[in-house]
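Enquirer: Structure below; questions to follow.
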Amino acid sequence: MSKILFSVCLAGFSLFALNGEAQQDPFEEARKLMVRQQIESRDIRSKPVLDAMRAVPRHRFVPADYRKEAYRDGPLPIGYGQTISQPYIVAYMTELIRPEPGFKVLEIGTGSGYQAAVLAEIVDSVYTIEIVEELGLAAVQRLQDLSYDNVHVKIADGYDGWESVGPFDAIVVTAAANFVPPPLIKQLKDGGRMIIPVGSPFQVQQLKLVEKKNQQVRTENLLPVRFVPFTRDND
Ligand code: SAH
């Protein structure tokens, strides 16, 4: 009898040990280093943004072959000719919209879902649109697996925004357009901020800050960047 009890106890113990192992994130240190060396060192100071960058498991948003490179200082391919942005750029764009807990944010270009997850760590709800169906569906699954229940994904051309849930406190566009789509300006709340790369595909573009105040729109160039192109349904 005591033998049986003993082996049951052992089984219980090893199950517990296995569980503990599964919950430990082998990339936690790499992520802390990423924040210190790539983001804080480049003057991102917002605590919620730094905390979010330390919290989101970036390695879960890249293809398995790239997992070990997930925390390096650059973009990575995610399939279908698209990329997950460099960590610093994600942090920079997130800080620039001055995210607050009560915010409803629109993102155009879900891609892997990483930028959406970073936003979702800080704000109340994120609405994100992806034009490539396969990427959108994979992002839905990934965000669900990681319990980002406050992210809503739509597969569509983001040019038109998401009128039925707008207006938005902030808009983040992660593909480079030739001009700022007017429907997005319309769906930005008064006092809201939009970050968008503008310029020709595969050339250096300008990351722009678009602010709406008293129904006036003001645009400011921030920094030269290179993003994948903003495509249209009929491209
Ligand atoms: N934010 C992403 C980066 C994605 S790259 C991430 O964190 O991983 C830009 C994405 O924009 C690509 O997935 C591309 O398919 C998508 N895209 C391009 N044009 C679009 C459009 N008109 N509407 C919605 N998504 C678009």
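The values are calculated or read from the model by the stated rules, or taken from the named source; none is laboratory data. Everything numeric in this text was worked out from a predicted model, so none of it was measured. So basically every Cβ, Gly included, is an ideal-geometry build from the backbone, and we count neighbours across all protein chains shown. For the accessible areas, the whole protein counts, side chains as well, though only heavy atoms, and no ligand, DNA or RNA atoms are used. Shrake-Rupley method; radii C 1.70, N 1.55, O 1.52, S 1.80 Å.
Enquirer: Residue under question is G113, and the condition is that it be in contact with a helix residue (DSSP H, G or I) (Cβ under 6 Å, 6 or more places away or on another chain), open to solvent by less than 30 Å² (accessible area, probe 1.4 Å), on the phi > 0 side of the Ramachandran plot and modelled with pLDDT of 95 or more; does it hold?
Expert: yes
Enquirer: Pairs under 6 Å by beta carbon, first residue under 15 Å from V62 (Cα atoms) in the stretch 107-130, partner charged (D, E, K, R) and open to solvent by 10 Å² or more (accessible area, probe 1.4 Å), six or more apart or different chains?
Expert: T110/E130; G113/R142
Enquirer: Continuing with this model, one more query. Looking at (1) over 23 Å from L135 (Cβ atoms); (2) in contact (Cβ under 8 Å) with a residue 40 or more places away in the chain; (3) not basic (K, R), can you tell me which one S41 breaks?
Expert: That leaves (2) as the condition not met.
Enquirer: Now a separate question. Would you be able to say whether some residue in the stretch 35-54 is near the ligand (Cβ under 9 Å from one of its atoms), not β-branched (V, I, T) and not in a loop (DSSP other than H, G, I, E, B)?
Expert: No; the residues of the stretch 35-54 include none that is near the ligand (Cβ under 9 Å from one of its atoms), not β-branched (V, I, T) and not in a loop (DSSP other than H, G, I, E, B).
Enquirer: Follow-up. Return the residues of the stretch 186-210 that are of a type in the set (V, I, T) and open to solvent by less than 60 Å² (accessible area, probe 1.4 Å); say none if nothing qualifies.
Expert: Of everything in the stretch 186-210, those that are of a type in the set (V, I, T) and open to solvent by less than 60 Å² (accessible area, probe 1.4 Å) turn out to be I195, I196, V198, V210.
Enquirer: Could you pull out the residue among L106, L119 that is within 13 Å of the chain's Cα centre (by Cα), within 12 Å of the ligand (Cβ to nearest atom), surrounded by 19 or more Cβ atoms within 10 Å (Cβ to Cβ) and part of a strand (DSSP E or B)?
Expert: The conditions single out L106.
Enquirer: Go through the stretch 60-73 and give me each residue that's within 13 Å of the ligand (Cβ to nearest atom) and open to solvent by less than 60 Å² (accessible area, probe 1.4 Å).
Expert: Hits for the stretch 60-73 are F61, V62, P63, A70.
Enquirer: Identify the single condition in (1) out of contact with any Gly (no Cβ under 6 Å at 6 or more places or on another chain); (2) open to solvent by less than 70 Å² (accessible area, probe 1.4 Å); (3) not basic (K, R) that A175 does not satisfy, given that it satisfies every other one.
Expert: Condition not satisfied by A175: (1).
Enquirer: Please determine whether any residue of the stretch 112-129 is among the charged types (D, E, K, R) and within 24 Å of G161 (Cα to Cα).
Expert: Yes, the conditions are met somewhere in the stretch 112-129.
Enquirer: Here's something else I'd like to know. Quick one: which residue in V140, V151, V126 is touching a strand residue (DSSP E or B) at 6+ places or on another chain (Cβ under 6 Å) and open to solvent by less than 10 Å² (accessible area, probe 1.4 Å)?
Expert: V126 is the lone residue from the list that is touching a strand residue (DSSP E or B) at 6+ places or on another chain (Cβ under 6 Å) and open to solvent by less than 10 Å² (accessible area, probe 1.4 Å).
Enquirer: Restricting to the stretch 156-172, give me the number of residues that are more than 10 Å from the ligand (Cβ to nearest atom) and open to solvent by 10 Å² or more (accessible area, probe 1.4 Å).
Expert: Qualifying residue count for the region: 7.
Enquirer: Sticking with this structure for a sec: Does T83 meet the test of being open to solvent by 30 Å² or more (accessible area, probe 1.4 Å), among the polar types (S, T, N, Q) and not in a loop (DSSP other than H, G, I, E, B)?
Expert: For T83, the condition - open to solvent by 30 Å² or more (accessible area, probe 1.4 Å), among the polar types (S, T, N, Q) and not in a loop (DSSP other than H, G, I, E, B) - is met.
Enquirer: I'd like to know if the stretch 152-160 contains one or more residues that are out of contact with any Gly (no Cβ under 7 Å at 6 or more places or on another chain), of a type in the set (D, E) and outside any loop (DSSP other than H, G, I, E, B).
Expert: Yes: the stretch 152-160 contains one or more residues that are out of contact with any Gly (no Cβ under 7 Å at 6 or more places or on another chain), of a type in the set (D, E) and outside any loop (DSSP other than H, G, I, E, B).
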